[in-house]
Amino acid sequence: MRSYNVCQCGAPLELHEQATPEPTGSEVLLRVIAAGVCHSDLHFWEGTYDLGGGKLLKLTDRGMTLPLTMGHESVGEVVAFGPEARGVAIGDRRLIYPWVGCGACKVCQRGDEQLCLKPRFLGVFRPGGYSDHILVPHPRYLFDVGDIPPEQAAPLACSGVTAYGALRKLGGLVQTEPVVIIGAGGLGLICLCILKSLGGFGAIVLDIDERKRDAARQAGALATIDPNAPDALQQITEAAKGGVWGVIDFVGLASTVKLGIDSLTKGGKLIVVGLFGGEIAISTPYIPMKAMTLQGSYTGSLSELKDLIELVRRAPLPFVPVDRRPLDQAYAALTDLKHGKVIGRVVLAPSG
Ligand SMILES: [Zn+2]
Ligand SMILES: [Zn+2]
């Protein structure tokens, strides 16, 4: 088994070769066909989150151990499985749900494994898809994606389900009100496309990069705005014809969260997804006076991924630009993503 691993935070990935694992119990071994390179991989690779005020959250203090094979957006083909794995067959092509919990706690039992306090996330705490093979603990994490091409299906496991999970938190509002999407990277673009598939009213998309605003316009944004423009707030209000009911912030900088809050109308909701980091001060009386909801969203649940796949199979998402690269380009892909050179998604193709 060949894997590209983080051996030291922030250093180039290193090639590791080892015996391909043999699945035991309910485990399933898949040959990796497509592995998405996600923005959160930059955090796992660098090993930190910026908490603002000069404070950093270290992922190694949160249970991440090195060396780590990253990659949590993987599609593979089943090549072996343990004696207790049911409902799988050799040759099955499956999308892998990576947000695996302990499986035993109350949170996991009610179906929110992504919120488990003892996470076993593939590509974060367990080996992921930057490899030619991946071991999955149980067949319940495998999804049939039908005719969806692997490189389009892979990002559904993270950016897709993350965007879907965030949109679901806005509920029925999305049908009648414009949603403000902050950030037109992979996540923002997928969110825009899912919103369309859901029959949503539409989205006003904010990004500092003109090329990304272009991509959002081509994907059908109602309007695009540069959040750094001095009159950004006014532009948002004009585009939304008043205050905004729903904002999803895929950036999560202090400045974007603040802009999100400022653009909310009474009763509005801000969903923060992005992890760029920082800190903000909020005048507490505005929380009740504006009756605002400030909610975080972390990926999505197994059932949300199931619903999303059904949605996408019924109403295929418009094409998100994909840059397919061989596995040995994993590090180059990461650095390109870090420097903002990626439009859409990079997907590694470890085995053909
Ligand atoms: Zn991700
Ligand atoms: Zn659990």
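The values are calculated or read from the model by the stated rules, or taken from the named source; none is laboratory data. Owing to the predicted nature of the structure, the values given are computational and were not obtained by experimental measurement. FYI the Cβ positions are ideal-geometry reconstructions off the backbone, even for glycines, and counts take in every protein chain you see.
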VAL161 fails exactly one of the following numbered conditions: (1) out of contact with any helix residue (DSSP H, G or I) (no Cβ under 6 Å at 6 or more places or on another chain); (2) assigned to a helix (DSSP H, G or I); (3) under 20 Å from ASP307 (Cβ atoms). What is the number of that condition?
(1)
Just for segment 131-147: of the residues that are of a type outside the set (Val, Ile, Thr) and outside any loop (DSSP other than H, G, I, E, B), which one is surrounded by the fewest Cβ atoms within 10 Å (Cβ to Cβ)?
ARG140
Flag for GLY344 being surrounded by fewer than 18 Cβ atoms within 10 Å (Cβ to Cβ), touching a strand residue (DSSP E or B) at 6+ places or on another chain (Cβ under 9 Å) and not acidic (Asp, Glu):
no
Go through (1) under 30 Å from ILE280 (Cα atoms); (2) surrounded by 13 or more Cβ atoms within 10 Å (Cβ to Cβ); (3) within 16 Å of ligand 2 (Cβ to nearest atom); (4) among the hydrophobic types (A, V, I, L, M, F, W, C) one by one and return the number of the condition LEU117 breaks.
(2)
Quick one: how many residues across segment 148-177 are within 16 Å of ligand 1 (Cβ to nearest atom) and either β-branched (Val, Ile, Thr) or at positive phi (or both)?
2
Quick one: would you say GLY199 is more than 20 Å from VAL273 (Cα to Cα) and surrounded by fewer than 19 Cβ atoms within 10 Å (Cβ to Cβ)?
yes
Could you give every pair whose Cβ atoms fall below 7 Å, whose first residue belongs to segment 288-305 and is in contact (Cβ under 8 Å) with a residue 24 or more places away in the chain and at positive phi, and whose second residue is among the small types (Gly, Ala, Ser) and surrounded by fewer than 13 Cβ atoms within 10 Å (Cβ to Cβ), counting only separations of at least 6 or pairs across chains?
ALA291/GLY267
Only residues that are closer than 21 Å to THR162 by Cα, in contact (Cβ under 8 Å) with a residue 40 or more places away in the chain and in a strand (DSSP E or B): list them for segment 205-243, please.
LEU206
Subset of segment 324-348 [of a type in the set (D, E, K, R) and either assigned to a helix (DSSP H, G or I) or at pLDDT below 90 (or both)]:
ASP328, ASP336, LYS338, LYS341, ARG345
Out of (1) in a helix (DSSP H, G or I); (2) surrounded by 16 or more Cβ atoms within 10 Å (Cβ to Cβ); (3) at pLDDT 95 or above, the odd one out for VAL312 is which?
(3)
Out of ARG62, ARG94, which single residue is of a type in the set (D, E, K, R), touching a residue at least 60 places away in the same chain (Cβ under 8 Å) and over 20 Å from GLY165 (Cα atoms)?
ARG94
Within segment 77-84, is even one residue crowded, with 23+ Cβ neighbours inside 10 Å and either modelled with pLDDT under 95 or more than 16 Å from ligand 2 (Cβ to nearest atom) (or both)?
yes
Evaluate segment 120-135: report whether one residue or more is charged (D, E, K, R), at pLDDT 95 or above, within 16 Å of ligand 2 (Cβ to nearest atom) and under 21 Å from the mean Cα position of the chain (by Cα).
yes
Would you check if LEU15 is at pLDDT 90 or above, in a helix (DSSP H, G or I), surrounded by fewer than 21 Cβ atoms within 10 Å (Cβ to Cβ) and in contact with a helix residue (DSSP H, G or I) (Cβ under 8 Å, 6 or more places away or on another chain)?
no
